[in-house]
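Engineer: My questions will all concern the structure given below.
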Protein chains: 2
Amino acid sequence: MFNTVTIIGVGLISGSFALALKQQGLAGRVIGVSRTQASARKALELGLVDEVLPLDEAVKQADLIYIAIPVDATIPVLQQVLDLLQEGQIVTDAGSTKEAVCSAVAHHPMRGRYVAAHPMWGTEYSGPEAAVKDAFRGRTCVICEKESTDTDALQQVEQVYRDIGMHLTYMDAASHDTHAAYVSHISHITSFALANTVLEKEREEDAIFQLAAGGFESTVRLAKSNAAMWVPIFLQNRDNVLDVLNEHISQLRKFKACIEKDNKEYLQELIENANRIRRIIQ
Amino acid sequence: MFNTVTIIGVGLISGSFALALKQQGLAGRVIGVSRTQASARKALELGLVDEVLPLDEAVKQADLIYIAIPVDATIPVLQQVLDLLQEGQIVTDAGSTKEAVCSAVAHHPMRGRYVAAHPMWGTEYSGPEAAVKDAFRGRTCVICEKESTDTDALQQVEQVYRDIGMHLTYMDAASHDTHAAYVSHISHITSFALANTVLEKEREEDAIFQLAAGGFESTVRLAKSNAAMWVPIFLQNRDNVLDVLNEHISQLRKFKACIEKDNKEYLQELIENANRIRRIIQ
């Protein structure tokens, strides 16, 4: 239980986190910090935050500072927060990449107060209106470089994620970024590219609209995701994302070759291999 | 209302169709025709069909014959059914490709009794166990080459699809196959290829299992789909599928180039373009 939690960024993740804190009675007060007036007003209106303050003041008043903004902005903001931090305060982030941010603050005198985390949950929507109740339940939260974090800070963040229903897992930042490229970042790229493919070639939008069945919807759903969030993720996780993307293009080329050559047996083999994903997702 | 409907194939589509007929009171009796004993038994057990008979006998007894089997098998089976057909009987199919089947029977003396249809609904599961109630409601059913179908046959099939809650749309078989490549076939290929990408490179299945968030699940869901159904679709719709697949690979290469060159502006443009899919899927 925290007296005051400050969320920096009042969007999908931080807004849903604030709702979960309130629902579980884990925070006396939630302060929001927002780059725009419109989001700040919306977050107040939706009851995600009790108050909106400038960053300096909001950090000063908080026991826990929760940063959930695009990953390129996370680095300077985290540095700024660490500069402001007093003993006993804790800062954590919810970013989808972890290596760049961990490196950037590795030698900061207050590094021990920072918990590098990535709660693996999200939707294709963004902004305060996208915040939902019971968002994180049943999902996994990755905590990175825990050996660089003070024990008390680590334990409190672990406890809050457990209290809102998450499983915890631990890894170094580089491993996190590799896995994230596979289980999240590539899905977004394929979905964006699929939307562009269809929008480019299928000029008759009416036909798409009428005919699009459930399969299409599920594969392009992520294409609605926000550029401000995803551009910095892809660029910050460049090497891993390129690795996976190259492999993905080469897998697509195998399908292409089979279809070109009418190679029924190999096409069947490719599909049956893909079916092994049944073991992993139910 | 039909006295007797025969479904050829007792799987996801025909089983769900049989359930819908029964629920709406549209068929007095449903006969199943199945290639395997196991599926026949299962379909009886699940109450999808009232009886299982050999094809000849099942066709003879039916007012409406509904073919829902892999699209390569549809052609000879439809020819066989048309050969057996008597005046007044109707045959329709639910296949995901329409040009090859329409061409194959174009000159059959009983062509007028065939309604070429594609109810745009499906899931990644197959077999009689995959059949679900209220499957087609709210989705679109495409009817092709209606000018080649006898008016009474067309009207009865239109009515049954309307009665189970589908919207109807009409197009020639070639247009259907082009649109289907965009709104359905390519989604399956990207999903299969994505599953293969992850399974190939991400050897730590535990990590995928733990970390896979909702986005991953939705983009690889279709990778569980059945090879026996999808291999013939891709091969029968070869030219359209290759067209879309080539475009898709070139769209992925644009993402690759942006990330390689750290081209933030163009990456943002690609994503914002993809966001236009919001207009089409809610």
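The values are calculated or read from the model by the stated rules, or taken from the named source; none is laboratory data. Quick caveat, the model's predicted, so the values are computed rather than measured. Backbone-built Cβ (ideal geometry, glycine too); neighbour counts: all protein chains shown.
Engineer: With A:V52, A:V71 as the choices, which residue is crowded, with 20+ Cβ neighbours inside 10 Å and touching a helix residue (DSSP H, G or I) at 6+ places or on another chain (Cβ under 9 Å)?
Structural biologist: None of the others qualify; the one that does is A:V71.
Engineer: What do you reckon, is B:R137 within 13 Å of chain A (Cβ to nearest Cβ), part of a loop (DSSP other than H, G, I, E, B), within 30 Å of A:V183 (Cα to Cα) and of a type in the set (K, R)?
Structural biologist: It is false that B:R137 is within 13 Å of chain A (Cβ to nearest Cβ), part of a loop (DSSP other than H, G, I, E, B), within 30 Å of A:V183 (Cα to Cα) and of a type in the set (K, R).
Engineer: Of (1) at the interface with chain B (Cβ under 7 Å from one of its Cβ atoms); (2) crowded, with 16+ Cβ neighbours inside 10 Å, A:K254 satisfies all except one. Which?
Structural biologist: Failed condition: (1).
Engineer: Does the range B:267-279 contain any residue that is within 7 Å of chain A (Cβ to nearest Cβ), assigned to a helix (DSSP H, G or I), touching a Cys at 6+ places or on another chain (Cβ under 7 Å) and surrounded by 18 or more Cβ atoms within 10 Å (Cβ to Cβ)?
Structural biologist: Yes, the conditions are met somewhere in the range B:267-279.
Engineer: Just the residues that are more than 7 Å from chain B (Cβ to nearest Cβ) and either more than 30 Å from the chain's Cα centre (by Cα) or not polar (S, T, N, Q) (or both), please, taken from the range A:241-251.
Structural biologist: Result: A:D243, single match.
Engineer: So which pairs qualify, if the first residue must be in the range B:107-123 and under 13 Å from B:A68 (Cα atoms), the second must be of a type in the set (F, W, Y), the Cβ gap must be under 7 Å, and the two must be at least 6 apart or on different chains?
Structural biologist: What qualifies is B:P119/B:F136; B:P119/B:Y161; B:W121/B:F136.
Engineer: What are the pairs, 6+ residues apart or on separate chains, where a residue within the range B:208-229 that is assigned by TED's automatic domain parsing to the domain that holds B:V71 and of a type in the set (D, E, K, R) has its Cβ under 8 Å from a residue that is modelled with pLDDT under 80 and not in a helix (DSSP H, G or I)?
Structural biologist: Cβ pairs passing all conditions: none.
Engineer: Can I ask one more? Scan the range A:127-140 and give yes if some residue there is charged (D, E, K, R), over 18 Å from A:A62 (Cβ atoms), modelled with pLDDT under 95 and touching a Ser or Thr at 6+ places or on another chain (Cβ under 7 Å), otherwise no.
Structural biologist: No, because not a single residue in the range A:127-140 is charged (D, E, K, R), over 18 Å from A:A62 (Cβ atoms), modelled with pLDDT under 95 and touching a Ser or Thr at 6+ places or on another chain (Cβ under 7 Å).
Engineer: Now, a different point. Looking at (1) assigned to a strand (DSSP E or B); (2) surrounded by fewer than 19 Cβ atoms within 10 Å (Cβ to Cβ), which is the one condition that is false for A:A116?
Structural biologist: That leaves (2) as the condition not met.
Engineer: Answer yes or no as to whether B:F209 is on the phi < 0 side of the Ramachandran plot, under 16 Å from the mean Cα position of the chain (by Cα), at the interface with chain A (Cβ under 7 Å from one of its Cβ atoms) and not hydroxyl-bearing (S, T, Y).
Structural biologist: No; evaluated as a whole, the condition is false for this residue.
Engineer: Further, regarding this structure: Under 6 Å between Cβ atoms, at least 6 apart or on separate chains: pull out the pairs that start in the range A:3-25 with a residue that is without any contact (Cβ under 8 Å) to a residue 40 or more places away in the chain and end on any residue that is part of a strand (DSSP E or B) and surrounded by 24 or more Cβ atoms within 10 Å (Cβ to Cβ).
Structural biologist: Every condition considered, no pair remains.
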